[in-house]
Each structure stands twice: as C-alpha cells, then as structure tokens.
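J.: The structure is given below, and queries will be raised subsequently.
The values are calculated or read from the model by the stated rules, or taken from the named source; none is laboratory data. Treat the numbers as computed from the prediction; the structure is a model and nothing was measured. As a convention, Cβ positions derive from the backbone with ideal geometry for all residues, glycine included, and neighbour counts pool all protein chains shown. Side chains are part of the model used for accessible areas, which takes the heavy atoms of the whole protein and leaves out ligands, DNA and RNA. Shrake-Rupley method; radii C 1.70, N 1.55, O 1.52, S 1.80 Å.
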Amino acid sequence: MTKEAYIITGASKGIGYEWSKQLIEKGHLVIGLARTQPENWPGEHFLSVDLTQLEAIEKQWSKR
C-alpha cells in the first residue's frame, strides 16, 4: 500500500475526525486542522487554527 498524505479540515469532531481516524489507522499521514485539538487525537500532526484567520494559519505553519 502506498502511504499518502492528507490535510483534513474540521478534524476535531464529526466526519472530519472519523475520516482522519480511519486514514491514520490505514497508515496514511494525516494533518488535522480545527480550532481546537481533541484530547484523543489519533495521529501525530494537528494544527489548532481558525481557518478564517490567515495570519494565524501562517504563524502555526511556520512553527513546523
């Protein structure tokens, strides 16, 4: 299986969280994005950002 990378918005709950969880379980790299990181995030990569605030996104991304 080829490992792929995904960026998923709304990854802290609902469909975004479940989709992230399933992809991580299959061995893919997932970068989750949402305003708040869930306590039980199943992966290694998560950015807590408000996607309506471009400056905040740039600041978080530059930390990586």
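J.: With the requirement that a residue be free of Cβ contacts under 8 Å to residues at least 24 places away in the same chain and surrounded by fewer than 14 Cβ atoms within 10 Å (Cβ to Cβ), what does segment 13-49 give you?
T.: GLY14, ILE15, GLU18, GLN22, GLU25, ARG35, GLU39, ASN40, GLU44, SER48
J.: Give the residues of segment 13-39 that are closer than 18 Å to GLN60 by Cα and in a loop (DSSP other than H, G, I, E, B), sorted by residue number.
T.: ARG35, THR36, GLN37, PRO38 - these are the residues of segment 13-39 that are closer than 18 Å to GLN60 by Cα and in a loop (DSSP other than H, G, I, E, B).
J.: For a quick check of your reading of the model, give me the residue pairs whose first member lies in segment 1-12 and is in a strand (DSSP E or B), whose second is open to solvent by 100 Å² or more (accessible area, probe 1.4 Å), with beta-carbon atoms closer than 9 Å and at least 6 apart or on different chains.
T.: That search, which allows pairs on different chains as well, returns TYR6/TRP19; ILE8/TRP19.
J.: Right, LYS59: charged (D, E, K, R), out of contact with any Lys or Arg (no Cβ under 8 Å at 6 or more places or on another chain) and more than 16 Å from LYS3 (Cβ to Cβ) or not?
T.: yes
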